[in-house]
Structure formats: structure tokens, C-alpha cells
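Visitor: Got a structure here, written out as C-alpha cells. Questions coming.
The values are calculated or read from the model by the stated rules, or taken from the named source; none is laboratory data. Keep in mind it's a predicted model, so treat the numbers as computed, not measured. So basically every Cβ, Gly included, is an ideal-geometry build from the backbone, and we count neighbours across all protein chains shown.
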Amino acid sequence: MTHGNQPTRSPKEPEQPTQPEPKPFLCRRPVRLSIYALLALILLLMLGWRFLPGLLDPTFEKHIQSKRVITGMTRAQVLKAWGSPYTMNVSYTKDGIRREEWIFEDWVNSATVKHRYLYFEEDILVGGWYYQ
């Protein structure tokens, strides 16, 4: 006999224990730890790539001898490595920081010229790029 809206249960149906769903692959602890370790290694390599050249050659003499420039060099060191620029553009930020853009021209032949750009802030090279 049933009372009201209660469902009837037949005595023949045994209750089956529910199996917990397996965790997704990326949520498993060993996988997560491996991913975190890989990301930490990548971060360390990025920092090493950024700071290692300056630590190995603090005076930049090897870079100057091989005619290469690297961020952190002074204007005098860049002049020793690459010589004088073709054009120099000077500007000041609203905070009074002096910024310079040096443009170098490399003539490949009589019709083709390649440009190299270097950017300084307060006598220190902060970046640059060039066309190939």
C-alpha cells in the first residue's frame, strides 16, 4: 500500500553503489605537478636568457669586439660597436626622461638600404630592431 505521492519500490531491485566519475586527465595531481614544474622551468629559462649575457660579459667587451649590441649598453659602448648613427631623434617624456632613437643605414647596393633602430633612455640602451 502506498501513501500519497511516495513512489513504490519493488523489493527485488537491489541498490547499486554509484561509481565515482574518474577525474579528468588535467585535474590529476601528477599531471598538474608536471605542468607547474614545466611552467616554472620555462620562466627560469626566460629570466636566464634575459640576464645571462650581461652576467657573462658585464663590461660588454666581447659584444663590442663582435660588433653586437645588447640592452644595458651605454651610448659610448654602442658607438664603439656600431659607430655613429645616420640620424638621431631626441625626445623627453612628461617626467623629464631623455629618450633617443638612433637610426643606422646599411647600404646593400646602390638601390637597397637596410635600417637598424636603437632606443636609449638616459644613456642606456633599452631596445632596438632592424629590417633583414
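Visitor: Before we move on, is Phe120 surrounded by fewer than 12 Cβ atoms within 10 Å (Cβ to Cβ) and touching a helix residue (DSSP H, G or I) at 6+ places or on another chain (Cβ under 8 Å)?
Guide: For Phe120, the condition - surrounded by fewer than 12 Cβ atoms within 10 Å (Cβ to Cβ) and touching a helix residue (DSSP H, G or I) at 6+ places or on another chain (Cβ under 8 Å) - is not met.
Visitor: OK, next. List every residue pair whose Cβ atoms lie under 6 Å apart, where the two residues are 6 or more positions apart in sequence or sit on different chains, the first residue falls within segment 57-72 and is touching a residue at least 12 places away in the same chain (Cβ under 8 Å), and the second residue, located anywhere, is among the β-branched types (Val, Ile, Thr) and in a loop (DSSP other than H, G, I, E, B).
Guide: Short answer, once both residue conditions are applied: His63/Ile70.
Visitor: Looking for whichever is touching a helix residue (DSSP H, G or I) at 6+ places or on another chain (Cβ under 9 Å) and among the aliphatic types (A, V, I, L, M) here; the options are Val126, Val90, Val69, Val113. Which one fits?
Guide: After ruling out the rest, the residue left standing is Val69.
Visitor: Just give me the residues in segment 37-91 being part of a helix (DSSP H, G or I), among the aromatic types (Phe, Trp, Tyr) and in the same structural domain as Asp106 (by TED's automatic domain parsing), in sequence order.
Guide: Matches in segment 37-91: Trp82 only.
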